[in-house]
Amino acid sequence: MANTFQAYFIQVITNMHVGSGDANYGIVDKLVQRDPVTGHPTIHASSLKGALREHFESKWGKDDSKVDTIFGKEAKGENESETGAYKFLGADLVALPVRCNFEQYVLGLNSEVANAINSKSLLLTGKEIFDTIDSGNKLFYQVNQPGYPVYAEDVELSAKAAHTNPLKVTSGLNVFATKYATFSNHGFANISRNLPVIARNNIENGKSNNLWYEEIVPHQTVFITFIFTTDIYQKEFEEVLTGDIIQIGGNASIGYGLCKFYKINFAS
């Protein structure tokens, strides 16, 4: 039986809110989950596993034995819960979309984030994900070099360079294929800290009943997660995981949190 960690990119297709349960003292009513060390947006392991279990129960049926084998048996009556064969880690931030005066937006990378992901991947898989990432505020373009100053939000991408592949791996995720930007630690901290906030309103009988503000992880954001799998139902699990669109977080009824998983393939 093969026991191994498999890495997956998660591309956020629609704005996502995986709530932390915290409020920002009246400024923002609902905040997203964040890594307690880096402060970057994240998806905690319990939230990710719960979303995946719900999807697989919907796909296979709640009483399907494959669900309990993979995710574990939930406590029922006097019966205690049982641990599943698979282990689900939280999802770490890889890249954030940043509004830009060059082709609407760029995906922002950071060398410190890339190094941390490489270190984690080496421990879990024996392989690295990223090639060397520039540590400055720099635009990497494929065609149509801009002949004017380029800004991503309020950060000037003062350096420009021909596009290079930032990844050592392959996957179906092609968002870095034409352009991306690297940000200094200070610049990346700012864009990851200041996520979009959307006003939400509850209307009853044509009148506003409650107005609140909700922080979101914007669509096109990329996360990475590692899942410990076994030979048991691995093929069936992966077909669903990478073949379906999976909803994560709250506000499913208004289309929040639709995500696509991409298996990461390491060079031999």
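Quick notes on this structure:
- All of 176, 183, 140, 188 fail the test of being touching a His at 6+ places or on another chain (Cβ under 6 Å), surrounded by 12 or more Cβ atoms within 10 Å (Cβ to Cβ) and under 15 Å from residue 97 (Cα atoms), apart from 140.
- Pairs are defined by a Cβ separation below 9 Å, a sequence spacing of at least 6 or placement on different chains, a first member in the range 215-242 that is at positive phi and touching a residue at least 24 places away in the same chain (Cβ under 8 Å), and a second member that is surrounded by fewer than 20 Cβ atoms within 10 Å (Cβ to Cβ) and among the β-branched types (Val, Ile, Thr); the pairs so defined are 220/13; 220/175; 233/69.
- Considering residues of the range 6-33 that are at pLDDT below 95 and assigned to a strand (DSSP E or B) only, the residue nearest to residue 84 (Cα to Cα): 19
- Within the range 230-262, tally of residues that are in a strand (DSSP E or B) and surrounded by fewer than 20 Cβ atoms within 10 Å (Cβ to Cβ): 3
- In this entry, residue 126 passes the filter for residues that are loosely packed, with under 12 Cβ neighbours inside 10 Å, within 24 Å of the chain's Cα centre (by Cα) and more than 26 Å from residue 13 (Cα to Cα).
- For residue 189, the requirement of being in a strand (DSSP E or B), more than 19 Å from residue 128 (Cβ to Cβ) and not aromatic (Phe, Trp, Tyr) is not met.
- Hey, residue 208 hydroxyl-bearing (Ser, Thr, Tyr), in a loop (DSSP other than H, G, I, E, B) and either at pLDDT 95 or above or loosely packed, with under 14 Cβ neighbours inside 10 Å (or both) or not: no
- Meets criteria (surrounded by fewer than 17 Cβ atoms within 10 Å (Cβ to Cβ) and either at pLDDT 90 or above or basic (Lys, Arg) (or both)) for residue 166: no
- Residue 181 closer than 27 Å to residue 7 by Cα, in contact with a strand residue (DSSP E or B) (Cβ under 7 Å, 6 or more places away or on another chain) and either modelled with pLDDT of 95 or more or assigned to a loop (DSSP other than H, G, I, E, B) (or both): yes
The values are calculated or read from the model by the stated rules, or taken from the named source; none is laboratory data. Just so you know, these numbers come straight off a predicted model, no measurement behind them. No Cβ is skipped: glycine too gets one built from the backbone with ideal geometry, and neighbour counts run over all protein chains shown.
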